[in-house]
1. Scan segment 29-42 for residues that are touching a residue at least 40 places away in the same chain (Cβ under 8 Å) and surrounded by fewer than 15 Cβ atoms within 10 Å (Cβ to Cβ) and jot them down.
2. I'd like the residue in segment 68-102 that is farther than 20 Å from residue 14 by Cα and among the aromatic types (Phe, Trp, Tyr) and, out of all such residues, is most open to solvent (accessible area, probe 1.4 Å).
3. How many of the residues in segment 43-67 are loosely packed, with under 12 Cβ neighbours inside 10 Å and in contact with an Asp or Glu (Cβ under 7 Å, 6 or more places away or on another chain)?
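The values are calculated or read from the model by the stated rules, or taken from the named source; none is laboratory data. Keep in mind that what you see is a predicted model, and the values were worked out from it rather than measured. With ideal geometry, Cβ positions are generated from the backbone for all residues, glycine too; neighbour counts draw on all protein chains shown. These area figures cover heavy atoms from the full protein model, side chains too; ligands, DNA and RNA do not enter into them. Shrake-Rupley method; radii C 1.70, N 1.55, O 1.52, S 1.80 Å.
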Amino acid sequence: MVNLTHLNCNVANIIKYPLITDKTTRLLENNQYSFIVNTQSDKTTIKQSIEYLFNVKVIKITTSNLPRKKKRVGKYIGWKPQYKKAIVTLSEGDTINLFAEN
């Protein structure tokens, strides 16, 4: 079982959702997947939760804290929230199905 006592949350709260953009779909060819994760989680916790959720073997994880951005709607200016991105490299033969088939 995954040890998540220092975050006071479960596995589903660490991995929020997959990030699907043009760049991340190109990374799928190299067996790399991108996820938006909890900003307080570290690489070992992310690795354990990815392996637990998707039953795959993780080789490498690269994380980056992205800054918050300005958002303008008409005359009102606000901020988009800050988030943390994790790029996960899987071992050969392991895949994660991000796109559900009908």
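1. Result: 30, 39.
2. 76
3. Matching residues across segment 43-67 total 0.
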